[in-house]
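Remarks on the structure that follows.
The values are calculated or read from the model by the stated rules, or taken from the named source; none is laboratory data. The structure displayed is predicted, hence computed values, not measured ones. Methodologically, a virtual Cβ is constructed for each residue, glycine included, from the backbone with ideal geometry; neighbour enumeration extends over all protein chains shown.
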Amino acid sequence: MNVLKFGGTSVGSAKNINNVITILDNYAKDDAVICVVSAVGGITDKLLKAGELAQEKDENYSSEFDTIAQKHHSILSELIPTGNEKIVAHLTETLQELKHLLDGIFLINELSPKTSDKLLSFGELLSSFIIAETMKKRGMDCLRKNSQELIVTNSNFTKGEVVFDSTNTNITNYFSKATQRITILPGFISKSTSGEQTTLGRGGSDFTAAIVASALKVNQLEVWTDVSGMFTANPKLVKQAIPIKKLSYQEAMELSHFGAKVLYAPTVQPALDAEIPILIKNTLKPNDEGTLISTSGEENGLAVKGISHISNISLITLQGSGMVGIPGFSKRLFETLANEKINIILITQASSEHSICLGIDENNVDAAKLAVDSTFEYEISLHKIDPIIIENDLSIVALVGDNMKNHQGISGKMFRSLGKNNINIRAIAQGASERNISAVIANKDVKKALNTLHESFFEVKTKRLNVFITGVGNVGEKLIDQIQQQHSFLKKKLKIDVKIVGMANSRKMVFNEDGIDLDNWAAQFHYADKSSLRGFFDKVIALNLRNSIFVDITADEAVANLYDEYLRQSIAVVACNKIACASSYKNYINLKRLSLKYNAPFLFETNVGAGLPIINTLNNLVASGDKVTSIEAVLSGSLNFVFNNFSNKNNFHDTVKRAQFEGYTEPDPRIDLSGIDVARKLLILARENGMVMEIEDIENNSFLTKDNLESNSVDDFYDTLSASEAHFQNLYASAKKNNCQLKYVAELKKGKAKVGLKEIPKGHPFYNLEGKDNIVMFHTERYPEQPLIVKGAGAGADVTASGLFADIIRIGNN
Ligand code: ADP
Ligand code: ASP
Ligand code: MG
């Protein structure tokens with residue numbers, strides 16, 4: 001005898017029912033088959049909705065009914081297109097009964113649990129009827145038996161408790177005489193000992209099948225659903241989840257109790273008692289292996305087998321000094337909740353006995369508060385304990401696995417991963433069996449928590465980085481190209497999966513949680529939302545993804561002012577914008593502190609020398625205990641370009657114009673020529689070298705004239721440059737006479753920092769610096785004579801993008 005159960009999606013359309021029939025037909029070749037079916041997918045919810053509307057005197061219950069009726073008629077006529085008059089008549093009659101019931105609920109506006117069970121029973125009665133009639137019509141040896149005549153419960157409506165003695169007798173008696181090859185049984189529905197219609201609880205068709213399978217002691221129970229087994233996490237929330245091949249009964253029970261809806265939790269117990277393995281299979285992909293649940297869950301020694309979650313729970317906390325050392329408080333608390341039929345999902349108690357904290361379904365919270373406060377009224381009035389405290393909008397995430405007890409450090413890893421991603425843990429519980437470790441977190445963090453834990457425990461090998469880019473201009477485009485080009489290399493070699501999830505320019509912003517398609521990212525801006533800094537921030541926060549990285553490619557102070565908020569949300573910041581690091585020391589050091597506190601890297605290698613590894617080199621020197629005695633550098637590609645091209649033949653004005661035209665200067669060339677940009681870079685290096693310094697502490701020996709410096713606009717500035725040509729020619733002539741090159745040099749020596757134009761003699765490492773190159777010389781205790789030199793292109797979109805990219809990868813490797 002085979003027992004197979006098919007869920008709502010499996011019987012949700014004529015096409016899927018045809019799949020089911022094919023499967024049954026195959027099984028029936030070998031042995032008799034019992035097939036338990038759910039209601040057509042979504043119908044139980046619709047029945048409930050119609051009932052609730054009717055109860056609320058909302059006439060829309062009628063259109064809800066019409067949808068239900070229409071759905072069944074259309075499935076039936078697709079399955080049996082002709083010669084179906086009698087079957088259609090019976091269907092219409094049953095639907096008419098349903099309509100009467102709904103009209104009744106409307107009239108008395110009452111939907112008691114008892115009526116609700118009667119109402120919901122229609123779902124399985126209708127589906128089983130249609131399926132059985134179709135099979136008969138196709139000549140199969142098939143009969144429908146109403147499970148209400150087999151399964152007996154107490155009168156606990158909406159979730160009847162099975163009376164196993166009479167149920168088992170009914171089932172064995174019936175099937176010992178049954179002669180049909182295939183029996184269709186409606187799942188979920190039952191009758192009470194006094195003959196009223198009851199149900200086994202939402203999702204209860206799985207349970208029906210387990211009850212029948214264990215009564216008949218069959219070899220295996222098969223649960224056919226819309227996914228290929230019990231997954232490592234809910235596949236709807238965690239894309240990378242994979243089916244678990246083998247589970248023990250206990251593991252399956254823990255996972256389903258903690259929210260893995262694919263198997264209704266009570267299903268496991270009867271199977272376990274009768275030692276019947278449960279195989280979960282996918283009706284839509286019948287060749288997939290599925291999950292086998294049996295006494296042995298052994299499979300490749302993984303400690304954590306799955307992660308599940310329950311949303312919408314509340315925590316209630318009973319606390320007070322009066323509880324310490326006095327027995328009986330917990331007993332009274334549990335008794336009170338039991339009397340209210342409130343199920344306790346999780347318990348934690350501080351070892352001080354000063355408080356006890358319980359997780360319950362949030363729908364029960366009002367009843368719980370009322371009952372508990374009344375039980376402890378006397379102690380509350382004496383201030384021995386406090387009125388119970390309630391916290392809502394919470395979820396439980398649980399790691400499950402038989403072998404967790406043999407592995408150290410699992411809870412440590414769990415809490416570390418959650419903490420790293422800024423997921424606050426409200427309470428924790430670990431079963432004494434150590435088969436389950438649960439954490440209570442905010443509802444809003446569930447998806448992130450599941451993905452984070454899944455990555456930590458099942459995908460140790462790849463780490464997903466979620467990148468958000470603000471300022472998609474020249475450099476941004478290059479960065480996107482580089483990320484796209486390197487994506488598979490990084491995934492393969494470094495096990496880093498870089499996804500750009502959000503990007504914005506000054507006008508528009510685009511997001512895609514699964515990663516923006518980089519093949520045609522630019523086109524997506526056409527349909528995108530208007531961008532705003534706050535809107536971008538809000539969206540990043542709302543997406544709440546693990547390993548989020550905010551990349552700032554603007555030169556905008558308002559963007560820099562948001563780093564504080566990003567870091568506080570444990571979102572890493574990568575910036576080529578140097579405003580933040582060159583602002584007040586207080587701000588700089590605050591960002592560094594936040595980065596440490598919230599475990600969110602703050603990297604800005606491209607602030608100095610674009611892609612050149614200058615800051616990273618300095619950081620490594622300092623971290624490894626070397627002492628930097630001096631830094632000398634040429635840090636302005638623009639000034640380098642200007643002084644490499646300016647001569648007695650090319651006047652200064654035109655040279656600067658050309659530098660601007662070729663993109664070597666800021667839009668306002670005064671920022672470069674005044675030396676302020678170089679001063680900012682030196683400031684950042686000094687700070688990274690551990691010095692407390694402000695921009696005012698840097699001596700800026702400008703080579704510009706007073707008129708140049710006091711110009712009020714860019715145009716005005718250019719005019720003053722022409723007027724000062726003689727001054728610039730003098731600088732040139734003097735250098736020429738001394739056989740020197742003019743370079744704008746930044747120096748940090750003996751705690752003093754200065755920038756200014758210098759005549760560099762032949763033979764000096766700076767003398768031959770070409771084009772827009774930068775150079776930095778570190779003299780340190782370990783490099784006393786020959787300095788450590790970093791040299792190369794210090795500006796340009798390509799190299800800046802690769803510097804940003806290197807920072808992103810550094811975060812991934814972290
Ligand atoms: P059926 O109607 O076949 O009984 P259900 O909807 O009750 O199907 O259960 C299947 C669904 O359970 C899946 O579609 C999936 O969304 C959900 N689910 C939640 N957690 C898990 C998990 N760990 N593994 C597989 N499915 C899960
Ligand atoms: N139809 C019922 C429900 O949706 C039972 C089931 O599908 O298992 O809850
Ligand atoms: Mg189900």
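Side notes on the structure shown:
- Residue in the range 618-629 that is among the hydrophobic types (A, V, I, L, M, F, W, C), in a loop (DSSP other than H, G, I, E, B) and touching a residue at least 24 places away in the same chain (Cβ under 8 Å) present: no
- Test: residue in the range 133-145 that is within 39 Å of the chain's Cα centre (by Cα), more than 16 Å from ligand 1 (Cβ to nearest atom), hydroxyl-bearing (S, T, Y) and at pLDDT 95 or above: no
- Every pair of residues 6+ apart whose Cβ atoms lie under 9 Å, when the first sits in the range 363-385 and is under 15 Å from A338 (Cα atoms) and without any contact (Cβ under 8 Å) to a residue 24 or more places away in the chain while the second is assigned to a helix (DSSP H, G or I) and of a type in the set (A, V, I, L, M): D373/I380
- Verdict on E710 being farther than 30 Å from L603 by Cβ, of a type in the set (D, E, K, R) and over 57 Å from the mean Cα position of the chain (by Cα): no
- Annotation: of all residues in the range 185-211 being more than 16 Å from ligand 1 (Cβ to nearest atom) and of a type outside the set (K, R), the one that is nearest to A274 (Cα to Cα) is S190.
- Restricted to the range 278-292, and to residues there that are of a type in the set (A, V, I, L, M, F, W, C) and more than 11 Å from ligand 1 (Cβ to nearest atom), the residue that is surrounded by the most Cβ atoms within 10 Å (Cβ to Cβ) is I278.
- Some residue of the range 255-277 being away from ligand 3 (no atom under 13 Å from the Cβ), under 29 Å from the mean Cα position of the chain (by Cα), buried (at least 24 other Cβ atoms within 10 Å of the Cβ) and of a type outside the set (S, T, Y): yes
- Flag for L53 being more than 16 Å from ligand 2 (Cβ to nearest atom), at pLDDT 95 or above and within 22 Å of K145 (Cβ to Cβ): no
- The condition (being closer than 27 Å to T193 by Cα and either acidic (D, E) or modelled with pLDDT of 95 or more (or both)) is satisfied by just one residue among L102, L107: L102.
- Residue in the range 11-20 that is out of contact with any strand residue (DSSP E or B) (no Cβ under 7 Å at 6 or more places or on another chain), free of Cβ contacts under 8 Å to residues at least 60 places away in the same chain and more than 16 Å from ligand 1 (Cβ to nearest atom) present: no
- Those residues of the range 535-550 which are on the phi < 0 side of the Ramachandran plot and in contact (Cβ under 8 Å) with a residue 24 or more places away in the chain, in sequence order: G535, F536, F537, K539, V540, I541, L543, L545, R546, S548, I549, F550
- Residue check, Q197 more than 16 Å from ligand 3 (Cβ to nearest atom), at pLDDT below 95 and touching a helix residue (DSSP H, G or I) at 6+ places or on another chain (Cβ under 7 Å): no
- Listing of helices (runs of 4 or more DSSP H) fully contained in the range 3-120 that carry 2 or more residues being loosely packed, with under 14 Cβ neighbours inside 10 Å: 14-30, 61-79, 85-108
- For the range 293-316, the set of residues classified as more than 26 Å from E455 (Cβ to Cβ), in a strand (DSSP E or B) and either within 15 Å of ligand 1 (Cβ to nearest atom) or without any contact (Cβ under 8 Å) to a residue 60 or more places away in the chain (or both) consists of S294 only.
- L567 in contact with a Leu (Cβ under 8 Å, 6 or more places away or on another chain) and modelled with pLDDT of 95 or more: yes
- Screening the range 174-270 for strands (runs of 3 or more DSSP E) wholly inside it with 1 or more residues that are within 21 Å of T9 (Cβ to Cβ), within 15 Å of ligand 2 (Cβ to nearest atom) and not basic (K, R) returns the ranges 182-186, 189-192, 197-199, 221-225.
- Check on F489, part of a helix (DSSP H, G or I) and within 18 Å of the chain's Cα centre (by Cα): no
- One residue from A209, A233 being at pLDDT 95 or above, within 16 Å of ligand 3 (Cβ to nearest atom), out of contact with any Pro (no Cβ under 9 Å at 6 or more places or on another chain) and aliphatic (A, V, I, L, M): A209
So that you can scan it fast, the table gives a plain yes or no per residue for (1) in contact with a strand residue (DSSP E or B) (Cβ under 8 Å, 6 or more places away or on another chain); (2) in contact (Cβ under 8 Å) with a residue 60 or more places away in the chain; (3) acidic (D, E):
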{"residue": "A439", "(1), (2), (3)": "yes, no, no"}
{"residue": "A449", "(1), (2), (3)": "yes, yes, no"}
{"residue": "F457", "(1), (2), (3)": "yes, yes, no"}
{"residue": "R464", "(1), (2), (3)": "yes, yes, no"}
{"residue": "N474", "(1), (2), (3)": "no, yes, no"}
{"residue": "K478", "(1), (2), (3)": "no, yes, no"}
{"residue": "I483", "(1), (2), (3)": "yes, yes, no"}
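- Residue pairs meeting the criteria (Cβ under 6 Å; at least 6 apart or on separate chains; first farther than 18 Å from N219 by Cβ, in the range 249-276; second in a helix (DSSP H, G or I) and more than 15 Å from ligand 3 (Cβ to nearest atom)): E251/D402
- When the range 660-699 is filtered for residues that are closer than 21 Å to F717 by Cβ, part of a loop (DSSP other than H, G, I, E, B) and among the β-branched types (V, I, T), only T665 remains.
- Residue pairs whose Cβ atoms lie under 7 Å apart, separated by 6 or more positions or on different chains, with the first residue in the range 210-231 and of a type in the set (A, V, I, L, M) and the second within 16 Å of ligand 2 (Cβ to nearest atom) and in a loop (DSSP other than H, G, I, E, B), are I211/I151; V223/L263; V227/V262; M230/A260; M230/V262; M230/L263.
- You will find that of A14, A32, the residue that is in contact with a Leu (Cβ under 9 Å, 6 or more places away or on another chain), away from ligand 2 (no atom under 14 Å from the Cβ) and among the hydrophobic types (A, V, I, L, M, F, W, C) is A14 and no other.
Residue-by-condition table, conditions (1) out of contact with any helix residue (DSSP H, G or I) (no Cβ under 9 Å at 6 or more places or on another chain); (2) modelled with pLDDT under 90; (3) surrounded by 18 or more Cβ atoms within 10 Å (Cβ to Cβ):
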site	(1), (2), (3)
N339	no, no, no
E353	no, yes, no
L358	no, no, yes
S374	no, no, no
E377	yes, no, no
I390	no, no, no
D393	no, no, no
G401	no, no, yes
H407	yes, yes, no
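- Yes/no for T172 being surrounded by fewer than 24 Cβ atoms within 10 Å (Cβ to Cβ) and either closer than 18 Å to I17 by Cα or at pLDDT 95 or above (or both): yes
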